[in-house]
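I have placed the structure first, in the form of structure tokens, so that the comments after it can refer back to it.
The values are calculated or read from the model by the stated rules, or taken from the named source; none is laboratory data. Being a predicted model, the structure only gives us computed values, none of them experimental. Neighbour counts are summed over all protein chains in view; Cβ atoms, including those assigned to glycine, are modelled from backbone coordinates with ideal geometry. Just so you know, the surface numbers come from the protein's heavy atoms only, side chains and all, with ligands and any DNA or RNA stripped out. Shrake-Rupley method; radii C 1.70, N 1.55, O 1.52, S 1.80 Å.
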Amino acid sequence: MGKRKRSRTQQGFAGMTIPQGMSLERDDVKDYTNVCKHLSQFEKHGDEIRMPLNRQQRRLAKKLKIELKEV
């Protein structure tokens with residue numbers, strides 16, 4: 001019998017300790033402040049933010065149907 005294939009998420013959780021797993025819980029206030037801090041370093045024009053995106057971020061934006069413009 002062959003090996004059972006595991007998903008990327010299962011592979012990521014395999015080596016995780018309990019405290020690391022607990023840290024995955026959402027904290028909306030902390031998440032919002034981190035996002036604001038990260039976005040503050042990029043150029044803003046009204047509602048638009050100009051920032052470099054890698055391939056994975058572009059693919060996620062396409063999946064979430066976020067309109068991207070190339071500068």
**Message:** Given the options Pro52, Gln20, His38, identify the residue whose Cα lies farthest towards the positive end of the charge dipole of the range 16-71 (+1 on Cβ of Lys, Arg; -1 on Cβ of Asp, Glu).
**Reply:** Pro52
**Asked** How high is the FRET efficiency between Met51 and Glu25 when r is their beta carbon distance and R₀ equals 25 Å, given to the nearest 0.05?
**Response** 0.35
**Request:** Compute, for Leu53, the solvent-accessible surface of its heavy atoms (probe 1.4 Å) with the complete set of protein chains present, and express it in square angstrom to the nearest 10.
**Result:** 60 Å²
**Message:** For Ile18, Ile66, give me the order by solvent-accessible area with a 1.4 Å probe, most accessible first, ignoring ligands, DNA and RNA.
**Reply:** Ile18, Ile66
**Fill in**
Excluding residues fewer than 8 positions from Lys69 in its own chain, the lysines with Cα under 20 Å of it are Lys44
**Prompt:** Once fully extended, how much extra length lies between Leu60 and Gln41, figured as 0.36 nm per residue of separation less the alpha-carbon to alpha-carbon distance?
**Reply:** 4.7 nm
**Item:** Accessible surface of Met16 - all protein chains present, 1.4 Å probe, nearest 10 Å²
**Value:** 70 Å²
**Item:** Net length gained if the chain between Asn34 and Lys5 were fully extended (0.36 nm per residue, minus Cα distance)
**Value:** 7.0 nm
